[in-house]
1. Can you tell me which residue in the range A:795-832 is surrounded by the most Cβ atoms within 10 Å (Cβ to Cβ), limited to those that are under 30 Å from A:K111 (Cα atoms) and among the polar types (S, T, N, Q)?
2. What do you reckon, is A:E265 open to solvent by 90 Å² or more (accessible area, probe 1.4 Å), within 16 Å of RNA strand B (Cβ to nearest atom), over 30 Å from A:S647 (Cβ atoms) and at pLDDT below 95?
3. Is one or more of the residues making up the range A:851-869 of a type in the set (D, E) and in contact with a strand residue (DSSP E or B) (Cβ under 7 Å, 6 or more places away or on another chain)?
4. Go through (1) farther than 22 Å from A:N783 by Cα; (2) under 27 Å from the mean Cα position of the chain (by Cα); (3) of a type in the set (K, R) and name the single condition A:R93 misses.
5. Which of (1) within 18 Å of A:S53 (Cα to Cα); (2) in contact with a helix residue (DSSP H, G or I) (Cβ under 8 Å, 6 or more places away or on another chain); (3) surrounded by fewer than 16 Cβ atoms within 10 Å (Cβ to Cβ) is the odd one out, the single condition A:R671 does not satisfy?
6. Output the residue which, of all residues in the range A:625-636 that are part of a helix (DSSP H, G or I) and touching a residue at least 60 places away in the same chain (Cβ under 8 Å), is nearest to RNA strand B (Cβ to nearest atom).
7. When the range A:511-534 is examined, which residues are found to be of a type in the set (F, W, Y) and open to solvent by 10 Å² or more (accessible area, probe 1.4 Å)?
8. Is there a residue being surrounded by fewer than 17 Cβ atoms within 10 Å (Cβ to Cβ) and touching a helix residue (DSSP H, G or I) at 6+ places or on another chain (Cβ under 7 Å) anywhere in the range A:241-261?
Amino acid sequence: MSDFKKIEKKWQKYWEENWAEMYGARDKGPKKYILNEFPYPSGSGLHIGHTFSFTGGDVYARFRRMKGDNVLFPMGWDAFGLPTENYAIKMKRKPQEVTAENTSMFKKQMKRLAFSFDWAREVNTTDPSYYKWTQWIFIKLFEKGLAFKREMPINWCPSCKIGLANEEVVDGKCERCGDPNVVKRNISQWVVKITDYADKLIEGLEGTDFVEKVKMAQINWIGKSEGARIRFKIKDLRFKNKALEVFTTRPDTLYGATFMVVAPEHDLVSEILNSKSEALNKSKISNNQIQNIKEYVEGARKKTDMERTELSKEKTGVFSGLYAINPVTEKEIPIWISDFVLASYGTGAIMAVPAHDQRDFDFAKKFGLPIIEVISNDQNPSTPNNNQLPNTNTQMGLKEAYTEVDNGISINSPLWNGLKPKEALVKAIEYIEKEGIGDKAYSYHLRDWIFSRQHYWGEPIPMIFCQHCCQKIKSQITNPNNQTIRNDQISNVSNKKLEKYAKEKGIDIKVLLNNPGWYPVPEEQLPVVLPEVEAYEPTDTGESPLSNMTNWVKTKCPICGGEAKRETDTMPNWAGSDWYFLAYCIAEKLKEKTPPSPPLTRGESSFDSKNVFTDIFSSSNKELKYWMPVDVYIGGDEHNTLHLLYSRFIYKFLYDLGVLTKEISEPYYKRISHGVILGPDGARMSKSRGNVIVPEVVADRYGVDVVRCYLMFMGPYDATMVWNEKTLMGVRRFLDKYFQFIQKQILDNKQNTNLSDSSRDVKVIINKMIDGVERDIENFKYNTALAKMMEGLNNLRNINVGLSIEEIKTLIKLLAPFAPYTTEELWDMFDKKEKSVHQSSWPEVDKSFLVDSQVTLPVSINGKRRYEIKMNRDDMSNEERVIQLAREESGFKKWTEGKNIERYIYVEGRMLNIVVI
RNA sequence: GCCGAGGUGGCGGAAUUGGUAUACGCGUAGGUCUCAAAAACCUAUGGUAGCAAUAUCAUGAGGGUUCGAUUCCCUCCCUCGGCACCA
């Protein structure tokens with residue numbers, strides 16, 4: 001089609017005029033919610049990766065519509081983010097304006113590429129009517145005690161001037177800019193307790209149809225392990241009543257615990273360093289040792305996470321001067337300090353079993369600590385050591401730790417000698433629970449989610465801080481280490497206003513006491529709109545640019561009415577995408593209360609009615625009930641852990657809050673991950689490499705349909721593929737042939753009014769096409785769906801007979817999801833005008849035409865294909881007839897002569913195997 | 001190290017899940033058209049032997065189960081993706 005540009009323009013106009021009727025989701029009928037991850041609208045426009053993944057979604061959406069489903073296929077903009085902010089800073093423009101320009105460019109490009117999105121439901125995370133809800137969700141997290149403010153060391157990127165979540169630091173580098181100098185900084189942060197949902201996030205996966213690798217990625221990320229917490233008494237005057245608690249997955253090795261190690265950040269370390277000198281004199285710790293500890297802890301703090309893990313081979317550490325008591329051997333074991341123990345995992349302290357843990361082993365070797373074997377790899381140890389503890393405490397013969405769990409047998413462990421590790425483990429937990437020295441416990445790799453960002457272009461965190469209230473609460477509760485408030489402390493607090501407030505809002509008073517002085521912005525004042533500031537630059541002090549907006553920051557305390565301040569941090573990028581799949585379902589209601597434009601510069605806004613929140617988020621909301629869950633969620637592998645986990649968490653949180661329908665506890669039913677397209681040189685596309693393929697440019701040269709079909713034909717939808725213009729030319733040839741063939745058929749049909757019925761052969765070809773294409777699309781195997789159409793076309797061209805109108809229509813319909821323009825143009829060539837081909841219904845397969853009239857069947861002897869027989873399809877189901885035909889064939893004699901025929905194995909329609917000896 | 005996915009022609013990749021291995025496309029060779037080239041179209045195209053029919057070998061390597069294995073089982077090698085001093 002040389003004039004594809006004209007055709008594209010023509011149909012774009014037509015579709016634009018009939019958009020709602022063609023692609024708008026209705027609210028009844030069997031539903032299909034097909035979702036592509038919404039893009040970040042960057043200034044460089046839609047790239048080929050977007051085009052690839054959206055085409056995949058679009059093909060499926062168009063297919064399901066033709067199958068008669070009520071399809072929701074929405075699109076929106078995840079528009080908060082640093083690139084826009086940086087661009088705005090550089091160009092001295094408002095991020096709002098830049099975003100508006102970018103989204104309109106994206107939208108135009110998407111329309112050209114014929115993506116059948118339902119634009120009536122478009123959402124934008126930077127729209128105040130949208131982020132009002134993002135803020136509302138945060139308030140709910142706060143009220144339920146799942147969001148709290150803590151001063152804590154966070155990862156600070158000196159280039160971005162922003163705090164990063166643990167997840168955003170990859171190999172010690174900033175995930176955004178690649179800066180390797182991410183350091184720890186103590187900053188007061190909002191933290192969201194996603195860890196409370198760790199179990200639910202694992203369990204929920206069972207009900208989903210995610211591919212294995214996605215499930216595994218989620219499970220590994222959460223990293224649940226089973227074991228025990230064990231308390232070791234400390235043998236020292238100052239810590240007489242204290243216990244050092246550890247988490248271990250191997251309580252069965254308790255007898256082999258010959259020393260303990262705490263992380264440099266562990267509380268015990270600061271307690272040692274802060275001890276009064278008299279106490280030190282009483283204990284055995286010398287000033288010299290204190291100095292060593294100080295130096296070591298300082299050194300560890302200065303190291304970045306990267307350095308800590310990189311230097312993993314050589315263990316470092318320092319003796320704390322303290323001893324603990326092993327609760328089963330009752331021996332004194334030394335407590336060491338080392339940075340190979342992570343403060344953020346478990347309890348930040350371990351019991352070291354050098355004989356059966358490689359890291360402990362390395363550490364013991366380096367510092368000459370005792371090693372006791374408690375598991376033998378010998379199934380029948382000759383000296384069972386019944387009920388006797390070994391006297392020798394070093395076994396220097398060992399080369400490495402014996403870490404086997406499935407094999408081996410417990411020794412030197414009087415209470416569970418002779419048991420296999422797994423049995424011993426059960427016994428050990430039983431014992432420590434009975435004796436009150438520990439409990440069965442679980443530990444997770446998943447960390448709590450640091451939710452504050454010190455930037456302008458994000459959702460303002462809707463919280464207010466009152467210094468006055470804070471002082472008052474703090475004067476009544478002593479809480480030096482920012483621990484969670486205990487029940488017994490609450491009784492000390494007398495604050496009528498606070499109690500009343502908590503009762504009214506249904507908030508546990510502990511939540512307010514844990515965050516002294518912090519209150520949510522009253523719901524009727526949402527959204528807290530981003531004010532227009534003069535300068536968007538992030539600051540070195542770690543404060544958000546919003547903090548300079550004194551007018552905006554100043555507000556009233558919702559409790560005492562005194563002067564208070566707004567939170568000036570904004571939310572991380574993930575916040576807006578946590579619930580957007582819900583927003584699409586209720587998009588119309590969200591828009592009912594459109595905020596004034598331009599956004600208010602003051603925080604309080606008045607355009608919201610009080611009850612609109614419960615109105616939208618409620619378990620009886622019909623739209624949510626009807627559309628959820630997302631039936632197919634298409635996205636990139638890079639979001640298989642973070643975004644997927646965060647949004648599942650938020651969904652589950654809202655579910656527990658009771659504002660979502662009870663039947664659906666997971667937001668996404670199926671997750672499809674799309675692949676990646678590499679540049680023609682086989683490398684990842686990047687401007688610096690100059691290997692970027694721009695969809696617009698390719699579409700200008702070959703047409704949109706060629707781009708779409710080529711992308712779908714390149715390979716499996718989830719594969720990594722290399723852009724190859726030669727293959728694209730092959731797809732173009734196919735589309736041209738398809739177009740010409742059908743065009744000719746339509747013309748022939750017009751001239752020739754009394755066409756005879758097409759032959760069975762034609763019907764078989766066409767029905768095989770319908771059957772194959774349908775099955776392949778349903779399984780997202782777009783490459784083979786197109787291959788089947790190519791094959792069908794080749795076959796039809798070889799036969800060279802006239803097709804009926806119905807058959808021609810079928811051929812157009814089959815290609816319609818892939819090539820919307822070409823097929824629409826062909827559809828328009830019939831005399832009788834009909835609606836768009838994209839509103840037609842998918843052809844039905846006539847199963848009686850899936851088999852050729854003449855069947856060629858391979859005959860194999862002992863499983864090796866030797867000759868073939870031809871027969872009518874009616875004979876196919878008659879086994880005796882098939883065998884008879886096989887025996888009549890000359891090949892039979894050749895291959896069976898002089899041999900005994902054991903038996904015949906006939907697989908209907910597939911093959912006949914003759915077993916001979 | 002752990003978890004996951006893979007390994008099929010010169011290349012991208014098919015194979016109805018145990019039943020004709022290499023569909024479809026690219027590339028290559030030859031041909032048609034042309035003054036010529038491009039485009040388009042036609043034919044051939046896994047290796048080896050043979051004029052040929054045909055035979056034989058071949059799905060990372062080696063074993064096994066089976067009438068029959070790219071597919072299932074065991075051992076090993078390699079590639080890609082995720083996690084990683086996680087106790």
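The values are calculated or read from the model by the stated rules, or taken from the named source; none is laboratory data. Values in this document were obtained by computation on a predicted structure and should not be read as measured data. Heads up, the Cβs are rebuilt from the backbone with ideal geometry, glycines too, and the neighbour counts pull from every protein chain shown. The protein model used for the area step is the full one, side chains on, heavy atoms only, and it has no ligands, DNA or RNA in it. Shrake-Rupley method; radii C 1.70, N 1.55, O 1.52, S 1.80 Å.
1. So the residue we want is A:T822.
2. Values: open to solvent by 90 Å² or more (accessible area, probe 1.4 Å): yes; within 16 Å of RNA strand B (Cβ to nearest atom): yes; over 30 Å from A:S647 (Cβ atoms): yes; at pLDDT below 95: yes.
Yes: the conditions hold for A:E265.
3. Start the filter on the range A:851-869 by keeping residues that are of a type in the set (D, E), which leaves A:852, A:868.
Those left that are additionally in contact with a strand residue (DSSP E or B) (Cβ under 7 Å, 6 or more places away or on another chain): A:868.
Yes, some residue in the range A:851-869 is of a type in the set (D, E) and in contact with a strand residue (DSSP E or B) (Cβ under 7 Å, 6 or more places away or on another chain).
4. (2)
5. Here A:R671 meets the rest and fails (3).
6. Kept after step one, since they are part of a helix (DSSP H, G or I), are these residues of the range A:625-636: A:625-627.
So of that shortlist, the ones also touching a residue at least 60 places away in the same chain (Cβ under 8 Å) come out as A:626-627.
On the way: A:Y626: 33, A:W627: 30 Å.
Ranking the candidates gives A:W627 first.
7. The initial filter retains those residues of the range A:511-534 that are of a type in the set (F, W, Y), namely A:518-519.
Correct list: A:W518 only.
8. Checked the range A:241-261: no residue is surrounded by fewer than 17 Cβ atoms within 10 Å (Cβ to Cβ) and touching a helix residue (DSSP H, G or I) at 6+ places or on another chain (Cβ under 7 Å).
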